[in-house]
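Undergrad: Here's a structure for you.
Every number in this text was worked out from the coordinates using simple rules, so none of it is lab data. Quick caveat, the model's predicted, so the values are computed rather than measured. Cβ placement follows ideal geometry from the backbone for every residue including glycine, while neighbour counts extend to all protein chains displayed.
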């Protein structure tokens, strides 16, 4: 039912994702392997497109569908290795314009 051609890497975490078409006609990513904890039914229709829908008590899983976990439920972007130092707040101007802040340190160099 599934093939490796259906897999594409996630642009956030880089893990493989199986892309389906939801009932609304939008792309919907699910994890590559069936998962009993999932809530999405996936099947391949006659033209060969992977279709997905939400499983509910009113519409239970059918025999030709596989239960999958939505990728958004398990996607965790890699933590950045380099952390940027926090910016210091702008300096207040001295003198009679004490409520005016100097934003020169926040401007990007051209």
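Undergrad: How far apart, in nm, are the 7 Å Cα→Cβ label points at residue 74 and residue 13?
TA: Computed distance between label sites residue 74 and residue 13 equals 0.7 nm.
Undergrad: Using a 10 Å cut-off around each Cβ, can you sort 72, 17 from fewest to most neighbouring Cβ atoms?
TA: 72, 17
Undergrad: Counting pairs of alpha carbon atoms under 8 Å apart in space and at least six apart in sequence, what relative contact order in percent does the stretch 4-73 give?
TA: That works out to 31 percent.
Undergrad: Another question about this same structure. Considering the convex hull of the alpha carbon atoms of the stretch 4-73, report its projected area averaged over all viewing directions, in nm², one decimal.
TA: 5.1
Undergrad: Still on this model: Taking 7 Å along the Cα-to-C-beta vector as the label spot, tell me the residue 64-residue 39 distance in nanometres, rounded to one decimal.
TA: Here the answer is 2.6 nm between the modelled labels.
Undergrad: On a full-extension model of 0.36 nm per residue, what is the gain between residue 57 and residue 107, subtracting their alpha-carbon distance, rounded to one decimal in nm?
TA: Length gained, residue 57 through residue 107: 12.4 nm.
Undergrad: Could you give the nm distance between label points at residue 26 and residue 49, where each point is 7 Å from its Cα heading toward the beta carbon?
TA: 1.6
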